[in-house]
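Computed from the coordinates by the stated procedures, all read-outs in this text should not be read as laboratory data. This is a predicted model, so every value here is computed, not measured. For neighbour counting, all protein chains shown are included, and Cβ atoms are generated from backbone atoms with ideal geometry for every residue, glycine included.
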Amino acid sequence: MPTNSAFKKLFYNLDAVDEVLDFTQAELDELVLVHIHRDSVSKANLENRCQDPLYMENGDNTRTVCENSAAKIYQKGPKNTSDDLPQVISFDIEACNGIIHVVNRVILPRYARYCEVLEHKIALFD
């Protein structure tokens with residue numbers, strides 16, 4: 001899941017969006033579900049699946065990207081560019097229904113009205 005800061009940066013970079021209430025319910029569903037995978041995937045699992053796609057609950061595939069022999073792990077969404085990869089900054093937080101990994105940027109789903117705007121922002125989430 002993204003940090004609060006990641007969502008604030010998303011809103012800042014969208015001219016037409018100031019807060020979560022500016023999204024439609026369908027957009028919110030898409031934005032949340034692209035961060036959820038049905039099965040538990042631990043840090044060790046992520047390290048062993050670098051470059052592999054991961055099916056998310058919204059129907060998109062994200063891709064695990066590793067740098068420096070998996071010292072840095074990113075989870076790239078369909079609309080994230082190479083310049084705005086969401087880095088996993090905290091791993092394996094236990095929850096009642098699985099585990100949570102925290103990312104520093106929002107994973108961007110394949111289809112959403114705001115993605116077209118974001119694709120033109122070079123310094124996204126700096």
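Sequence-ordered 3J(HN,Hα) estimates for region 55-64 from the Karplus curve with 6.51, -1.76 and 1.60 and θ = phi - 60° stand at 6, 9, 5, 8, x, 7, 9, 9, 10, 7 Hz, glycine and proline given as x. Taking 21 Å as the limit for the C-alpha separation, the pairs 8/72; 9/79; 8/79; 43/79 exceed it in the case of 8/72; 43/79.
What the phi angles of region 79-90 give under the Karplus curve with 6.51, -1.76 and 1.60, with θ = phi - 60°, is a coupling list of 10, 6, 8, 5, 7, 9, 5, x, 8, 6, 10, 8 Hz, glycine and proline written as x.
The label-point distance for residue 29 and residue 90, in a model that sets each label 7 Å from Cα toward Cβ, rounds to 2.9 nm.
What the Cβ-Cβ distance of residue 22 and residue 69 gives, at R0 = 41 Å and to the nearest 0.05, is a FRET efficiency of 0.50. Using 0.36 nm per residue and subtracting the Cα-Cα separation, the extra length available between residue 52 and residue 81 on full extension is 8.8 nm. Fewest-first ordering of 22, 39 by other beta carbons within 10 Å of each residue's beta carbon gives 39, 22.
Residues whose amide H falls under 5 Å from that of residue 103, counting only those 5 or more places apart or on a different chain, are 3, 89, with hydrogens built in the peptide plane.
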